[in-house]
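*Asks:* What follows is a single structure, and I will ask about it in a moment.
Here, each number is a calculation from the coordinates, and none is a lab measurement. Just so it is clear, the model here is predicted, and its values are computed rather than measured. FYI the Cβ positions are ideal-geometry reconstructions off the backbone, even for glycines, and counts take in every protein chain you see.
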Amino acid sequence: MRFIAIGILAAFFPIAIHHRLRAHRMGDRLNRRNEGIGLMAGLRLAGALAAAATWGAFQDAAWTQPFDFDGGWVTGAAGLLLEIASTLWLVWMFRTLGTNLTDTVETRASARFVCDGPYRFIRNPMYAGVLGLTVSLGLVTGNALPALFGMVVFAFMAIRTPIEERFLVARFGDTYWEYMLRVPRFVPRRVR
């Protein structure tokens, strides 16, 4: 199962990088300090630690072994299914968001309002997808560390969400306010 999980990641990362580079070519100057230096640094550090923990768990590194658990093949299979679902969800999100994608809270000047694709169900599909992906990797590897750091990443993203929403309201006005009333942040519900 680990080889399949690695294969899925190997297929996903070029897609994610392609969308990041495509959006970056828009040339907008984004002020990354708008989210706050502590939040910015904490999120990126937690992301790096989640990546390192995942790599270590796949390698059975000694420093990850205290976090090992024996979930068996059922847990591994559930993790693999969650990884597939999370990866497909993130690819759908990237395709839907297009060149609006940023690595910070600031909205591009050229941004268009997006409320289709996974944005019909939740306002932050990337955040949910990242959480699902890191939890899935913890299940596949039988190591809690990737999931724990993934939850820290999610927590930082959740904390920065109100800042990001202020920029979206400033850019899209009442349209975004109405969207916020209709569509939940992180957990889908029946959309009106």
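*Asks:* Tell me whether the stretch 66-83 contains one or more residues that are touching a helix residue (DSSP H, G or I) at 6+ places or on another chain (Cβ under 8 Å), buried (at least 16 other Cβ atoms within 10 Å of the Cβ) and not in a helix (DSSP H, G or I).
*Replies:* Among the residues of the stretch 66-83, at least one is touching a helix residue (DSSP H, G or I) at 6+ places or on another chain (Cβ under 8 Å), buried (at least 16 other Cβ atoms within 10 Å of the Cβ) and not in a helix (DSSP H, G or I), which makes the answer yes.
*Asks:* Here is a follow-up. Given the residues ARG160, ARG123, ARG112, which is the only one that is assigned to a helix (DSSP H, G or I) and of a type outside the set (Gly, Ala, Ser)? Working first, answer last.
*Replies:* Numbers: ARG123 fails: assigned to a helix (DSSP H, G or I); ARG112 fails: assigned to a helix (DSSP H, G or I).
Just one listed residue meets the conditions, ARG160.
*Asks:* Would you be able to say whether some residue in the stretch 84-95 is part of a helix (DSSP H, G or I), surrounded by fewer than 17 Cβ atoms within 10 Å (Cβ to Cβ), in contact with a Pro (Cβ under 9 Å, 6 or more places away or on another chain) and without any contact (Cβ under 8 Å) to a residue 60 or more places away in the chain?
*Replies:* Scanning the stretch 84-95 turns up at least one residue that is part of a helix (DSSP H, G or I), surrounded by fewer than 17 Cβ atoms within 10 Å (Cβ to Cβ), in contact with a Pro (Cβ under 9 Å, 6 or more places away or on another chain) and without any contact (Cβ under 8 Å) to a residue 60 or more places away in the chain.
*Asks:* Would you please name the residue that is farthest from TYR179 (Cα to Cα), looking only at residues in the stretch 112-134 that are among the small types (Gly, Ala, Ser) and surrounded by 22 or more Cβ atoms within 10 Å (Cβ to Cβ)?
*Replies:* Taking the stretch 112-134 first, the residues among the small types (Gly, Ala, Ser) are 117, 128-129, 132.
Retained after the next criterion (residues that are surrounded by 22 or more Cβ atoms within 10 Å (Cβ to Cβ)): 128-129.
On the way: ALA128: 18, GLY129: 20 Å.
Top of the filtered list is GLY129.
*Asks:* If you don't mind, another one. Working only within the stretch 29-51, note down all residues that are in a helix (DSSP H, G or I) and touching a residue at least 24 places away in the same chain (Cβ under 8 Å). Lay out the reasoning, then the answer.
*Replies:* Residues of the stretch 29-51 in a helix (DSSP H, G or I): 32-35, 37-51.
Selection gives ARG32, ASN34, GLU35, LEU39, MET40, GLY42, LEU43, ALA46, GLY47, LEU49, ALA50.
*Asks:* Those residues that are touching a Ser or Thr at 6+ places or on another chain (Cβ under 9 Å) and either surrounded by fewer than 16 Cβ atoms within 10 Å (Cβ to Cβ) or part of a loop (DSSP other than H, G, I, E, B) (or both), I need them from the stretch 56-65; list them, please. Write out each step before concluding.
*Replies:* Taking the stretch 56-65 as the starting set, the residues that turn out to be touching a Ser or Thr at 6+ places or on another chain (Cβ under 9 Å) are 56-58, 60, 64.
ASP60, the sole residue that qualifies.
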